[in-house]
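Below is one structure, written out as structure tokens; comments come after it.
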Amino acid sequence: MKKVILSLILFLPLMTIVCHQTRKQYTDPDTESIRINNMIEKIKFIDYYEVIDDLATPNSLKNDTFPDYDYLYILLLDTVHIQLINQYYPRIVNDFRLYYDFLDFSRIENNSRRSQMKFIETELESLKDCFRDERILKEILSNNFGQEPGSNVRLDDEVFIKDDNVAVFWINGIGSDLNKVWKGEKGLYIEHISTTMT
């Protein structure tokens, strides 16, 4: 009995220290800033036109340049080249039509679902610069499961982008959210497209 009491007396303060350190890790502004900036450094923008040009170039090594599923993200940016993608990846086009064909691909000013989107105010003109801005990226990350960025929510390294005005990206947390963002006149409009639970 004395061993159990002694163990509890030693264990409780240790657990308090561990919990305090864990809480500090998620709330320490320096740690969070480092985490966000590390994410920013890893972002790789995949340009819509580069992917389409690669697919349209005769005799290109299509299967080696971009993974086939990248073409789904290209369709989520714009459906203008759906027939070209269908020539090489009909399964991707079928998946797109089955799950995502409801999306409105007009400019954000005319988008019928705009009122349901999250809005982030910013004066930055470039969408790429918005992803590279610590404050804005934190706001983008908070669009996942209602979690704060400190709870290990992170941006996927690849961001698919067209004309520096519209992008598609994943946010990973307890699951993964596929989002689309438009650069509007006074800020960013973010639309949740789908969620995959892990």
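Each value in this text was obtained by applying a stated rule to the coordinates, not by laboratory testing. Since the structure is predicted, the reported quantities are computational estimates derived from the model, not experimental observations. So basically every Cβ, Gly included, is an ideal-geometry build from the backbone, and we count neighbours across all protein chains shown.
Here are some notes:
- 11 Å beta-carbon shell around residue 129, net charge (K/R +1, D/E -1): -1
- Gain in span if fully extended, residue 185 to residue 83, counting 0.36 nm per residue against the direct Cα distance: 33.6 nm
- Close amide H pairs (under 5 Å, H built 1.01 Å from N) link residue 46 with 159, 160, 161, residues at least 5 positions away or on another chain.
- In sequence order, calculated HN-Hα J values of the stretch 43-53 (Karplus, 6.51, -1.76, 1.60; Hz; x Gly/Pro): 4, 10, 7, 9, 7, 3, 5, 5, 5, 5, 4
- Estimated distance in nm for a label pair at residue 91 and residue 123, the labels positioned 7 Å out from Cα along Cα-to-Cβ: 5.0 nm
- In the frame of its principal axes, the stretch 67-198 has Cα extents of 42, 35, 24 Å, reported largest first.
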